[in-house]
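Notes for the one structure printed next.
The values are calculated or read from the model by the stated rules, or taken from the named source; none is laboratory data. For clarity, every value in this text was computed on a predicted model and none was experimentally measured. Backbone-built Cβ (ideal geometry, glycine too); neighbour counts: all protein chains shown.
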Amino acid sequence: MYLTTTGRKSGSPREIEIWFTRHSGCFYVIAEHRHSHWVQNIAADAKVTVRVGEEKFAGKARVVDQTTEPEMNAAVQELSRKKYGWGEGLVVEIRRE
């Protein structure tokens, strides 16, 4: 997946390539560190653009709250472990707009 956020300081588009999973109609990505620049960009502006293969769409991203949504958090981490062999970190949900 290519995830484009808006730079919180620059206001410019910032694109990263990142592993993803799908669950319940949404896309999920996991940040190894809460302080990753792309996570901070999402905290400042939730609007994102996503490219997966030929598919491109606008969406809104949010951090999944481990305290209030433990089942969702665990499910996404497990999907990532099965797909990539890794699933630790901060889960971020991306919904189509």
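Of all the residues that make up region 50-62, how many are under 21 Å from Gln40 (Cα atoms) and either loosely packed, with under 11 Cβ neighbours inside 10 Å or charged (D, E, K, R) (or both)? Here the count works out to 3.
Residues of region 23-42 that are part of a helix (DSSP H, G or I) and either within 12 Å of Glu93 (Cα to Cα) or touching a Cys at 6+ places or on another chain (Cβ under 9 Å) (or both): Val39, Ile42. Can you spot a residue in region 1-10 that is surrounded by fewer than 20 Cβ atoms within 10 Å (Cβ to Cβ), over 15 Å from Val63 (Cα atoms) and among the basic types (Lys, Arg)? Scanning region 1-10, I find at least one residue that is surrounded by fewer than 20 Cβ atoms within 10 Å (Cβ to Cβ), over 15 Å from Val63 (Cα atoms) and among the basic types (Lys, Arg), so the answer is yes. The set of residues in region 45-71 that are touching a residue at least 40 places away in the same chain (Cβ under 8 Å) and aliphatic (A, V, I, L, M) comprises Val48, Val50, Val52, Ala61. Scanning region 63-94 for residues that are exposed (fewer than 15 other Cβ atoms within 10 Å of the Cβ) and not acidic (Asp, Glu) returns Gln66, Thr67, Thr68, Pro70, Ala74, Arg81, Lys82, Lys83, Tyr84, Gly85, Trp86.
Hey, any hits in region 69-88 for a residue that's part of a strand (DSSP E or B) and at pLDDT 95 or above? No: region 69-88 contains no residue that is part of a strand (DSSP E or B) and at pLDDT 95 or above.
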